[in-house]
Each structure stands twice: as structure tokens, then as C-alpha cells.
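The values are calculated or read from the model by the stated rules, or taken from the named source; none is laboratory data. Just so it is clear, the structure is predicted and the values come from calculations on it, not from any experiment. Backbone-built Cβ (ideal geometry, glycine too); neighbour counts: all protein chains shown. Just the protein is used for accessible areas: all its heavy atoms, side chains included, with ligands, DNA and RNA removed. Shrake-Rupley method; radii C 1.70, N 1.55, O 1.52, S 1.80 Å.
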Amino acid sequence: MPVEGVVVHVTPAGAFVDIGAEVLGFLHISQIPGPVLRVQEVFKPGDRVTAWVKQVNRKKGLLSLTQIRPASVGWGQLKPGRAFTGRVTRVEPNGVYVDIDAPVEGFVPASQIRKEGRVDPIGSFQVGDTVEVWAIHASRRERRLRLTMIPPPSLRWEDLKVGERVRGKVTRIEKFGAFVDIGAERDALIHISEFGIRNLKDPAEVLQEGQEIEARIILVDPEKKQIRLSLRGLLPAKAAAPEASPQEEKEAGPAVPPRPSPAPEPEEAEAELTVMAYALKRALQEARARGRSVPPLESVSTN
């Protein structure tokens, strides 16, 4: 807690301060912002000072003070997965040191800067940069704090259930399948055999990087860090049954045109009428040849 008091005595090791408690508080030279070589050069009796309580020992009647502002984040608050905003204090080839106002500076290994893979910290950060980090591990005994810049997964391994549907974004496409970020620790794999499309040769024919999709969980293996998904029955009908390629159309051969309908047969009555007219014409011609008187052909009815 912050306190205010009056210096009552100064020694080479520090200063005794009256803060209104049962005993005087002692401000050690190491707890005065420095560097300080002689306490007498900083304080003299009667000076008013502001400090923080560092330690209280009722049995020994000791009250320790400090002028070094205590960290706003205590060891008990450094729980794995908790987010903090900090300032870069050092940049090294193997990682970045970040001050989150904890008892010690936190370290972000190079492998924990980007989820996509290791990056060069020296070319990515400068001292003073403001960054968002998450706690991974804190040890008060070892005075170590390990941080990450990779947001923690929104889905834990125990949250992943076989048979459930999940939504995610396609992050990478290979000939054997597609990888999807569903918010878990690792990207999930959709093998080409789980697209539900016969004779599919390349997943890129159906999906593209950055596309949002829905899939079904078919395998979860926390030990091997593997998640498998399936798209069977979940793709749109057009994607699930792609049109035939030019090569497939060539192999199938040209389309056969429909057989035309046969021309209607001439009516039997018309055929008979033609024969009768022809016979009558012949008969009239023969009669004229014998010298008989016959009417003109046009005047004779064939009905």
C-alpha cells in the first residue's frame, strides 16, 4: 500500500521514516531509485517522503518500505492465457522482452511471435513498441515469466467432439487436402477423400484460401495434435457435382442429335385417287385412237 511519512533518522544503510505506525518504517538504500551512493545526499531528517509498504513482520517488529513503484500485476495474476498489454524493452535474435508491469520482464520466444511460423524479432520490433501478449508460464521461485504473442485457442482439446459441426477459415490448400483454422491449437485437415466429390483431383477446384466453410469433426487426437474434418454432405450441390471438364466431354464423344420424326405416310385415299386418274386417262386416250367420240379429260370426274 502507498504511504507518506517523515524522515526521522538517516544511516549509511537507509532512512527511518515515521508513517504513523507502531514502529518506524525502514527505507533501505537499495529501495531508493538510483543509483544512490550516500543516503545522506538524498534524505535528511524532516523530509517528507512517499513510499510503498514492502514487507511487514509483526513478530520482529519490522516494517520495510520502498520507493520503487511495485508492479501492478502480481505473481498471482499471471495465469496462463491471461492477456496483457506491454512495452518492448529488449529485442534479441531468439526473442523479445516485454514489460507488462509485473515483478519481472516477460520473454516472448521467436517461435511464439506468429502462429504461421518463426519470424526474425530484430527485423520485426523496436524498443518501445506496444504489444499485446498472453501469459504462458510464471515462476515466482525462479522469477521467470514466459509470454506469447499468439492468441490462445478459443476451442480447447476437450471442447472438440467428433460429429459436431464447426466453422473455420481455409488457411492452406495442398494436393492431398485443405487446412482449416477452427480456433483450436492446431489447424484441422480435410483430406481430399472427405470432400465427398468423386474423382476430385485438386481441392483448389472447390475451396480457396481465406474461404469460410462449415465442416464436421471426424477425428480428435490431443496426443498427436491432430484434428480431421469432413465436408461430406455439406458442400453446395454445384460444388459437390462439378460440370464435366473439356477433357471429359472429349472422352464422352460428340452429342448424338435426336432422331427426326419420320414423315407422315401419304393417305391411302390419295394413293388410290392417283391410280384411278391415271387409268382413266389411258382409257380415254385409247378410245380416241379408235376414232370414238369421248369428252375432254378435264370434264370427266374421277370421284
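What's the FRET efficiency of Val6 with Glu185 using the Cβ-Cβ distance as r and R₀ = 41 Å, to the nearest 0.05?
Calculated transfer efficiency: 0.15.
When a/c is below 1.5 the answer is rounded, else prolate if a/b is larger than b/c, else oblate, so apply that to region 152-192 with a ≥ b ≥ c taken from the square roots of the Cα gyration tensor eigenvalues.
prolate
Is region 108-183 best put as rounded, prolate or oblate by its Cα gyration tensor, with a ≥ b ≥ c the root eigenvalues, rounded for a/c under 1.5, and otherwise prolate when a/b is larger than b/c, oblate when not?
The shape class here is oblate.
If DNA, RNA and ligands are ignored and the probe is 1.4 Å, what is the ranking of Ser124, Ser139 by accessible area, most exposed first?
Result, largest first: Ser124, Ser139.
So with the 1.4 Å probe, I'd like the accessible area per residue for region 90-193, rounded to whole Å².
58 Å²
What percent do you get for the relative contact order of region 27-136 when only Cα pairs under 8 Å and 6+ apart count?
It rounds to 23 percent for region 27-136.
Using a/c under 1.5 as the rounded threshold, could you call region 54-148 rounded, prolate or oblate? The axes a ≥ b ≥ c are square roots of the C-alpha gyration tensor eigenvalues, and prolate needs a/b larger than b/c, oblate otherwise.
Because a/c hits 1.5 or more and a/b exceeds b/c, region 54-148 counts as prolate.
Measure off, as a whole percent, the carbon and sulfur share of the 1.4 Å-probe accessible area of region 102-190, all protein chains present.
Carbon-and-sulfur percentage of accessible area, whole number: 46.
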